[in-house]
Amino acid sequence: MSSKIPPPLEPYLALPPEASLVLLTSVLGASTNWLVLRYLHRALIHDGAASLPSADEGAGVVLVSFMRDFTFWRENAKRMGLDLENLSTKRRFACVDGLTGLFLPTQQEASGRTAEYVLGSPSLSDVSRVIRNAVRSLQSPPGSKSKVLLVIDQPDLILATTGDEIGPVHLGNVLLDLREEVHSMLVTLSADAPSALAQQTRLEIDHAAFLLSVAHQADMTLSLRRLDSGTARDVSGVIRITTGEGQCENDRLQKRVEERELLYFVGGDGGVKVFERGQ
């Protein structure tokens, strides 16, 4: 089983057009990890070439991860033939670790690893500052409009862990400001029913408001869920691809996106198969 880009997903994983926003949603049992890894692979390995491009080709990627540390992404990317540490030395990749140091005192902004930044505070001003520093580290010269894809994995963790201190509007404004700094943005969020549909607690209400706000802004949404009929030995879940309200303003994305539903299977070796129903 191929561990790289499944052919049915090729049109959707290309570098998003300038100023666009792509949303990936997950539910319990249908994680977006494998999909994020394939976005990284497509963006960092130029046009699917077997060899890594030189530092001035393609886009740079800043990965901000609130649920998984750099080791997780490095090891799983390596299984796909993607050396994130090597790419970071070429100023093609940087990682912002929003997990290991977020709620621990006296954390340094930059870790000892190459091109890895560690968030030391859940304060939105600190989060924004560290992410901007990571983005600018890939821009040459600094502050230029170099193509940088900003991938933010599970920023809704901030809502879940800060109580009433940070609301969905404030977090949404941070994302809007960061979009002005980069070529395009990809965001992953949880869309489980208790948080997205039947809101009862303050956290569920805030999460639903944030999810809805990002979904309305997204040019394309890829939603992962489990099979409606239950588990299957050779199917891990369903991926639904839809266009958003901003899609009509983006001709390049409009030509590329076909709304559809596909099935996918994630193997034990990390390989992924994507196929139509009935295949």
When the Karplus curve 6.51 cos²θ - 1.76 cosθ + 1.60 is applied with θ = phi - 60°, which whole-Hz ³J(HN,Hα) does each residue of the range 209-221 get, with x for Gly and Pro? 5, 5, 4, 5, 5, 5, 4, 5, 7, 5, 7, 8, 10
What nm value, rounded to one decimal, do you get for the distance between Ser123 and Asp164 when each label is placed 7 Å out toward the C-beta? 2.2
Rounded to whole Å and sorted largest first, what semi-axes of the equivalent ellipsoid does the C-alpha gyration tensor of the range 1-45 yield via the square root of 5 times each eigenvalue? 18, 16, 9
Gain in length, Asp83 to Ser213, computed as 0.36 nm per residue apart minus the alpha-carbon separation, to one decimal in nm? 43.4 nm
Taking H placed 1.01 Å from N in the peptide plane, check which residues at least 5 places from Leu24 or on another chain put their amide H under 5 Å from its amide H. Val187, Thr188, Leu189, Leu222
Loop-only check: which trypsin sites (Lys or Arg not before Pro) in the range 149-247 are DSSP coil with at most 12 other Cβ within 10 angstrom? Arg233
To the nearest 0.05, what FRET efficiency results for Thr231 and Arg260 with a Förster distance of 22 Å applied to their C-beta separation? 0.45
For each pair in Lys4/Lys273; Lys90/Lys273; Lys90/Lys147, compute the distance between the two Cα atoms and list the pairs where it is over 21 Å. Lys90/Lys273
Counting other beta carbons within 10 Å of each residue's own, what order do His216, His183, His41 fall into, fewest first? His216, His41, His183
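Read-outs: derived from the displayed coordinates by stated rules, not from any lab. Predicted model, so just to flag it, every value in this text is computed and none were measured. Virtual Cβ from ideal backbone geometry, glycine too; neighbours counted across all protein chains shown.
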